[in-house]
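The values are calculated or read from the model by the stated rules, or taken from the named source; none is laboratory data. Model, not experiment: these values are computed from the prediction. Every residue, glycine as well, gets a Cβ built from its backbone with ideal geometry; the counts of neighbours run over all protein chains shown.
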């Protein structure tokens, strides 16, 4: 049963443009089946309007006009509902002429005036000729389970079908029986493997090949422009930036290690150069087709601070 407080709350929602909340409140307090059907139809129209707005297939003025139509229809329903939640029937006098309640006349006249003013003003205040409004094919179409109406037919969300999206379908999970290894994740029945692994279940580790000449991605670097790795990733030869030719730091041993980064073991290769100026520690991390070089310069002079750099190299 819809009491006066509920109807006032609905009017308050509508005055603030909160149409969906007004519909939800009415649906939970009205028992009359005819009114419930009207509310479902208005809710379907509102869902269809929101979908068109999201897709950008409706002009702003047309959207506001439809929103006002839905709101006015709800105002008429609210004004016609009595405290027992039913639409009052007109009563008759002795001369058999129906007498319509004062509230009903006010609601009808107000609705006609609002719609007429909107059409005349074109919602935006334009005095151009009012465009012809085509009938709404979805006006009397009710789509259930959050379905939406398009050209008079219901478009159903995943898991539902039928004329009004009233039937539920069982959609099998494509990843139900697929186990991806080594941190892989199943997407639409296929394992998406992390870097360094391949195979239908990410079960095969890809061999990392570091041997070759690597060039700094920054051609204007003032640090290390180039280095060479050989002997299956166990030796490194670094060239520092010098003029007129680069300085050869010579060959050093490259050792493979691993650390825990963000909860995952990550491999890296490390080498150390110790000259009269500083102790230079290089750490190489594989990143796709690049090598990330983390360089730490610990100067022997107490007057110089340690300098850390991050450089990127490609073959």
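Residue check: is residue 244 exposed (fewer than 14 other Cβ atoms within 10 Å of the Cβ) and either closer than 30 Å to residue 40 by Cα or at pLDDT below 90 (or both)? Step through it out loud before you land on a result.
Working: exposed (fewer than 14 other Cβ atoms within 10 Å of the Cβ): yes; either closer than 30 Å to residue 40 by Cα or at pLDDT below 90 (or both): no.
Criteria not met by residue 244.
Here is a check on your reading of the model: is residue 286 within 16 Å of residue 226 (Cβ to Cβ), at pLDDT below 95 and in contact with a strand residue (DSSP E or B) (Cβ under 8 Å, 6 or more places away or on another chain)?
no
Being in contact with a strand residue (DSSP E or B) (Cβ under 7 Å, 6 or more places away or on another chain) and either surrounded by 15 or more Cβ atoms within 10 Å (Cβ to Cβ) or in a strand (DSSP E or B) (or both) is the filter here; which residues of region 155-173 pass it? Break it down into steps so the answer makes sense when it comes.
Of the residues in region 155-173, the ones in contact with a strand residue (DSSP E or B) (Cβ under 7 Å, 6 or more places away or on another chain) are 155, 159-161, 163-165, 167-169.
Scanning region 155-173 gives 155, 160, 161, 164, 165, 167, 168.
What pairs come out if I take residues in region 200-220 that are at positive phi and pair them with residues that are at pLDDT below 90 whose C-beta lies under 6 Å away, six or more apart or interchain?
Listed pairs, sorted by first residue: 212/315.
Just to check your reading of the model, which residue among 291, 295, 284 is more than 37 Å from the chain's Cα centre (by Cα), surrounded by 14 or more Cβ atoms within 10 Å (Cβ to Cβ) and more than 29 Å from residue 179 (Cβ to Cβ)? I'd like the intermediate steps shown before the answer.
Numbers: 291 fails: more than 37 Å from the chain's Cα centre (by Cα); 284 fails: more than 37 Å from the chain's Cα centre (by Cα).
None of the other options fit; the residue is 295.
So which pairs qualify, if the first residue must be in region 11-28 and over 15 Å from residue 73 (Cβ atoms), the second must be modelled with pLDDT of 90 or more and not in a helix (DSSP H, G or I), the Cβ gap must be under 6 Å, and the two must be at least 6 apart or on different chains?
Listed by first residue and then by second, the contacts come to nothing, as the list is empty.
Just give me the residues in region 203-218 being in a loop (DSSP other than H, G, I, E, B), touching a strand residue (DSSP E or B) at 6+ places or on another chain (Cβ under 8 Å) and more than 27 Å from residue 278 (Cα to Cα), in sequence order.
Let us first name the residues in region 203-218 that are in a loop (DSSP other than H, G, I, E, B), namely 203, 206-211, 217-218.
If we keep only those that are touching a strand residue (DSSP E or B) at 6+ places or on another chain (Cβ under 8 Å) too, we end up with 203, 206, 208, 210-211, 217-218.
Across region 203-218, the qualifying residues are 203, 206, 208.
Would you mind stating whether residue 176 is closer than 30 Å to residue 256 by Cβ and either in a loop (DSSP other than H, G, I, E, B) or modelled with pLDDT of 90 or more (or both)?
Values: closer than 30 Å to residue 256 by Cβ: no; either in a loop (DSSP other than H, G, I, E, B) or modelled with pLDDT of 90 or more (or both): yes.
For residue 176, the condition - closer than 30 Å to residue 256 by Cβ and either in a loop (DSSP other than H, G, I, E, B) or modelled with pLDDT of 90 or more (or both) - is not met.
With (1) free of Cβ contacts under 8 Å to residues at least 24 places away in the same chain; (2) buried (at least 16 other Cβ atoms within 10 Å of the Cβ) as the list, and residue 279 as the residue in question, which single condition is left unmet?
Residue 279 satisfies every listed condition except (2).
Can you tell me which residues in region 203-220 are at pLDDT 95 or above and buried (at least 16 other Cβ atoms within 10 Å of the Cβ)?
214, 216
What strands (runs of 3 or more DSSP E) completely inside region 249-315 contain at least 2 residues that are more than 22 Å from residue 216 (Cβ to Cβ)?
Details: elements: 255-261, 264-274, 278-287, 290-299, 307-314.
The strands (runs of 3 or more DSSP E) meeting that bar are 255-261, 264-274.
Is it fair to say residue 71 is closer than 17 Å to residue 138 by Cα, out of contact with any helix residue (DSSP H, G or I) (no Cβ under 6 Å at 6 or more places or on another chain) and in a helix (DSSP H, G or I)? Quick ask: steps written out before the conclusion?
On the way: closer than 17 Å to residue 138 by Cα: yes; out of contact with any helix residue (DSSP H, G or I) (no Cβ under 6 Å at 6 or more places or on another chain): no; in a helix (DSSP H, G or I): yes.
The answer is no for residue 71.
Out of curiosity, is residue 230 exposed (fewer than 12 other Cβ atoms within 10 Å of the Cβ) and either modelled with pLDDT of 95 or more or out of contact with any strand residue (DSSP E or B) (no Cβ under 7 Å at 6 or more places or on another chain) (or both)?
On the way: exposed (fewer than 12 other Cβ atoms within 10 Å of the Cβ): no; either modelled with pLDDT of 95 or more or out of contact with any strand residue (DSSP E or B) (no Cβ under 7 Å at 6 or more places or on another chain) (or both): yes.
No: the conditions fail for residue 230.
Which number in (1) in contact with a helix residue (DSSP H, G or I) (Cβ under 9 Å, 6 or more places away or on another chain); (2) in a loop (DSSP other than H, G, I, E, B) marks the one condition that residue 221 misses?
Residue 221 satisfies all of (1) in contact with a helix residue (DSSP H, G or I) (Cβ under 9 Å, 6 or more places away or on another chain); (2) in a loop (DSSP other than H, G, I, E, B) except (1).
Return yes or no: is residue 7 within 38 Å of the chain's Cα centre (by Cα), more than 20 Å from residue 147 (Cβ to Cβ) and modelled with pLDDT under 85? Outline the logic, then answer.
Numbers: within 38 Å of the chain's Cα centre (by Cα): yes; more than 20 Å from residue 147 (Cβ to Cβ): yes; modelled with pLDDT under 85: yes.
Criteria met by residue 7.
Considering only residues of region 188-202 that are part of a strand (DSSP E or B) and at pLDDT 90 or above, which is farthest from residue 159 (Cα to Cα)? Lay out the reasoning, then the answer.
Going residue by residue through region 188-202, those that are part of a strand (DSSP E or B) are 190-192, 197-198.
Still in the list and also at pLDDT 90 or above: 190-192, 198.
Details: 190: 21, 191: 24, 192: 25, 198: 33 Å.
Among those residues, the one meeting the criterion is 198.
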